[in-house]
Every structure is written in C-alpha cells, then in structure tokens.
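Undergrad: Take a look at this one; I'll ask things after.
Bear in mind that the values in this text are calculations on the coordinates, not laboratory data. Note that the structure is a prediction, hence the values are computed from the model and not measured. Glycine also receives a Cβ, built like all others from the backbone with ideal geometry; neighbour counts cover every protein chain displayed.
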Amino acid sequence: MSDPNGQQQTILYIEDDLSSQILVQRLLTFAGYRVLVASSGLGGIDTARASRPDLILMDINLPDLSGREVTTRLRALEEFRAVPIVALTAQSQLGEREKAMAAGLDGYLTKPIDVDALPEQVAAYLLGKRDEVDPAALEEARTAYSQEIVTRLESKIRELETAYKDLQRLDSMKEAFIQLTAHELRTPLTLIYGYGQLLQNSPIVARMMLESDEVANLITNLLEAIERMSSVINEILLVSRVASGRVELTISALSPASLVEDVVENFRRASETRHVTLQTDLEQAPQRLYADRDLLKLALGNLIGNAIKYTPDGGTVTVRVSAHNERALLMVQDTGIGINKDDQQLVFERFYTVGDMALHSTSKVAFRGGGLGLGLAVTREIVRAHSGDIWVDSPGRDEEKLPGSAFTVAIPLKGRLASPIRRPGVS
Ligand code: ADP
C-alpha cells in the first residue's frame, strides 16, 4: 500500500512468536505493504528508529520490555509522537486495552488474528482511526500502568544489585586465584633460576661455555627465558595487587629528570640493538616530585619499552619532562606504528593487545614481538595510585606511514591530590 505521495508504506511488527510473524508478514506484504519484523522490545525500538515505519503493530508480551513500555519509550521521541502504534495481542482481559491506551497505543487488536480483516484494520489506523476509551477508565489505567512500571523498575534494580554483588564476589575469587597461582609458580621458578645461575657459575660449565658457543647460547637463552617468565609473573602479581587496591606507595621527594635518566639508561642497549634513537628533553623538568620511585620507574620503563618495541628500526623515541598545573608531565613519544583511536582507551585494559598476536609471537616483523597486554594496565594502575592520569595521543595506526604515538603521564607534584586529575584541555 502507498501513502498519498505514492510511496510504499512500511509496517513494523514487534513480535517474538515466529508463527504470528510469518502470518502477519505474509498478509500485509500481500496487501502491498513493506513489512519489517523485530523479535524483542529493545530490538523493536532500534528498528523503529532506523527505519521510521508508517505504523507499528505491537505484541504486548515481549521477552524484554513489554509492548506498553516500548510504546511509552517511542512516544517520548519527537518522530514517533504521531505514528500509529497498534497492539496485536492475545491479552484480552478486562482493563488491558485501557492500560495499553494509557501507555500511548492508539488501537488494540486481539488474537487470534482476523486474517480477512487485518489489512483493512491496518489501513484504517493509517488513515487516522484511534480507539475510543472511557476517560475515567483511562485515568484509572494510567495509575495502574505507572505503578506497574515503578514495581518493575524496583525489581530490576534489586536484580542488578544482586548481580553486582555476585560479580564482586567472583572478581575477588578471581584475584585470589591469580595471586595464588602466581605465587605457586614463582616459588619453583626462583629455584630454577638459582640452579641456572649455579650452573652458569660452575667452573666446568664456565669452561664449556668458553669452549663452545652452542653451550654458551643454551645457558644464556635458558637464563633469559627464566627471567622473562619471572618478570611476567611479577607483572601479573603487581597488576592484580594494584587492581585490588593493595599497592602501598613509598613516597619520597625525587628529581624527575634523574629518574628519567636512570630508566633511559636501562633501555640504552635495547634501543641500540634495534637502531632506535633514544633521547631525552629535560629542560622544562620540575625540580621535585613526590612519588614512589621504584613504581614510577617501572611505569616509565613500560612506556619506553613499548615505544622501542613498536617503532621500526631507524626511528626515534623521545622522553620529555615538563610541568603543567602543579603536575609533572612525563611524555614518551615515538615515531612508530601508532594506535587507532578506537584502541586508545582499550590498550590500558588488562590482557588487551592490538593486532595479530601470532604475528607478534613469531616475530615476523623484527620491531614488534608483543607481550601479554599487561604492561599498560600495570602502568595505569601505578599512575592512578599516585592520583595521576595517563593517556595516549596518536593520529592512528599505520605501519607504512608510521604516525607515532605519545603516552603522557601526569602526576601531582605534591603527592596525591584529593580530587581526580583531568587531562589538560579536557573538561
Ligand atoms: P604488551 O605487553 O602486549 O606490549 P601493553 O599493555 O604494554 O602490552 O600494550 C598493549 C598494546 O598496546 C600492545 O599490544 C600494542 O599493540 C599497543 N601499544 C602499546 N604501546 C604502543 C606504542 N608505543 N605504539 C604502538 N602500539 C602500542
């Protein structure tokens, strides 16, 4: 069927019962309408907003929201104030029609569907027909309907509260499990590391290492692998401790410039191996900062390590320190592959890594070689424990054009501030 301008009219049918969907779709398509179907209340709202139908047929008993609630929601939107919404429902008890009208429906058709009459009924509503109800009964239905909504809201809030408590319990069980597992792994690893060093230092092995490059490589690789594993376990332990608020800061007055120089020195070899220039700009650095030296070194080290890791050979990593609004700003800027806008929040989440991990782990590209996706999560927790803030700026990810990334950490110069810190320029 078409409107006065000759346009085919669209009917949206919101109904979860498949056989009703098929029947109505057939009937109305045959009558010349374009028919869309949604199987839930929320889905119906989305389809309605996206397709702007000329009329909506509404089941009342839907799996999520009721047909009445969907109508009330749609009526709140300017574009649906005048669109006919008609119930097509099995509910025929006394008072149901009035309750539907109180919710904003224009008509009430009951099932079983009258196959012969439906197309004409729809056409009549499209032409402006509205069901009449007794005003007193409508008023009573309005009160009943608002009470129904408040009761449902209350029970939903209670359900959410219970679900939230369950989640909190599961979360603390998970943290306890992580802590326990990591501790259990660390104990034998410490022993293995000890034995490895004994092996390396034993005169017989030392001689064999001198005589054979193969033996030397085996021992060195073994110790390196153990160190890597131990640092992964320590990261997991730290992030889980920080995440559950169990990190104690040892705050002291420190010079941000010398802290940066220390960390940069630790990465000197790594950057040279990768032919990445590692430079600092400390001219604007504030004199003093009150922070936990070791944790801040770890946080900065993660950023510099990443910057080197995600910058191809020949690139540059710059660590810049300045002060702004009573905060020290530590920025690690690289000329690497960059990070897409969509990922810029997510990279700080635990176990979030960008791109193909298989590619990372096989190190097909020399400059990458991903980790567990914990480094930035640890860094953010450390920064937050200092009442600080961390963010990344990057035009996007492009492995050819290398747009680069800049991670900035902002820490209050005078230790923890009571109020949360805002990123400069962002309200
Ligand atoms: P990972 O141990 O995998 O490096 P991180 O938590 O440190 O984990 O980083 C998460 C992800 O963020 C990385 O997998 C990487 O894809 C991306 N990333 C981090 N730093 C940079 C950077 N400087 N340039 C481009 N991508 C980065």
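Undergrad: Which of rounded, prolate, oblate describes the stretch 122-197, given a ≥ b ≥ c as roots of the alpha-carbon gyration tensor eigenvalues and a/c under 1.5 marking rounded, otherwise prolate only if a/b is larger than b/c? Walk me through the numbers on the way to the answer.
TA: On the way: a/c = 14.75, a/b = 3.68, b/c = 4.01.
Oblate is the answer for the stretch 122-197, as a/c is 1.5 or above yet b/c matches or exceeds a/b.
Undergrad: Which value in deg cm²/dmol, rounded to the nearest 500, describes the helix-derived mean residue ellipticity at 222 nm for the chain, given -39,500 (n - 2.57) per DSSP H run of n ≥ 4 and division by the residue count? Let's see the in-between values first.
TA: Details: 13 runs with 207 residues, N = 427.
-16000 deg cm²/dmol, from helical runs alone.
Undergrad: Would you mind putting 87-97, 59-69 in packing order, based on average other-beta-carbon counts within 10 Å, highest first?
TA: Details: 87-97: 16.3, 59-69: 20.1.
Ranked by mean Cβ neighbours within 10 Å, highest first: 59-69, 87-97.
Undergrad: Quick one: which of 126-134, 231-239 comes out on top by average Cβ neighbours within 10 Å, and what's the full order, highest first? Before the final figure, lay out each step's value.
TA: On the way: 126-134: 12.4, 231-239: 17.7.
Averaged packing, sorted descending, gives the order 231-239, 126-134.
Undergrad: Top mean-square fluctuation among E161, E261, E15, Gaussian network model of the chain, C-alpha springs under 10 Å?
TA: Result for the chain, Cα springs under 10 Å: E15 fluctuates most.
Undergrad: I want the antiparallel fraction of DSSP beta bridges within the chain, as a percent rounded to 5. Working shown, then result.
TA: Working: 25 of 46 bridges.
Close to 55 percent.
Undergrad: Can you tell me how much longer the chain between L42 and T220 gets when fully stretched, taken as 0.36 nm per residue apart minus their C-alpha distance, in nm with one decimal? Write out the running numbers ahead of the final one.
TA: Numbers: separation 178, 0.36 × 178 = 64.08 nm, distance 5.96 nm.
This chain segment gains 58.1 nm when fully extended.
Undergrad: OK, next. Want the number for A90 to E159: 0.36 nm per residue separation, take away the alpha-carbon distance, what's left? Don't skip to the end; give the middle numbers.
TA: Working: separation 69, 0.36 × 69 = 24.84 nm, distance 2.82 nm.
Result: 22.0 nm gained on full extension.
Undergrad: Is the C-alpha gyration tensor of the stretch 1-145 telling us rounded, prolate or oblate? Criteria: a/c under 1.5 is rounded; beyond that, a/b larger than b/c is prolate, otherwise oblate.
TA: Numbers: a/c = 1.41, a/b = 1.39, b/c = 1.01.
Rounded is the answer for the stretch 1-145, as its axis ratio a/c remains below 1.5.
Undergrad: Run the count for the chain, please: Lys pairs, Cα-Cα under 29 angstrom, 8 or more apart or on different chains.
TA: Step by step, the pairs that qualify in the chain add up to 17.
Undergrad: I need the shape label for the stretch 178-306. Rule: rounded when a/c is under 1.5, else prolate if a/b > b/c, else oblate, with a, b, c from the alpha carbon gyration tensor. Intermediate values should be presented prior to the final figure.
TA: Values: a/c = 2.70, a/b = 1.41, b/c = 1.92.
Since a/c reaches 1.5 but b/c is at least a/b, the shape of the stretch 178-306 is classed as oblate.
Undergrad: Using a basic spin-label model with each label point 7 Å from the Cα along Cα→Cβ, how many nm lie between R34 and E79?
TA: So the label points at R34 and E79 sit 1.3 nm apart.
Undergrad: Apply 1/(1 + (r/R0)^6) to the Cβ-Cβ distance of K341 and R268, taking R0 = 35 Å, and write down the FRET efficiency to the nearest 0.05. Don't skip to the answer; put the middle values down first.
TA: Values: r = 33 Å, r/R0 = 0.93.
The computed FRET efficiency comes out at 0.60.
Undergrad: Tell me the relative contact order for the chain as a rounded percent, counting alpha carbon contacts under 8 Å between residues six or more apart.
TA: Working: 654 pairs, mean separation 39.7, N = 427.
The value is 9 percent.
Undergrad: Given H placed on each backbone N at 1.01 Å, which residues far from G396 in sequence or on other chains put an amide H within less than 5 Å of it?
TA: I339
Undergrad: What Kirkwood hydrodynamic radius, in Å, does the stretch 374-413 give when the mean of 1/r is taken over all pairs of distinct Cα atoms and then inverted? Display every interim value, and only then the final one.
TA: On the way: mean 1/r = 0.0878 Å⁻¹.
Answer for the stretch 374-413: a Kirkwood hydrodynamic radius of 11.4 Å.
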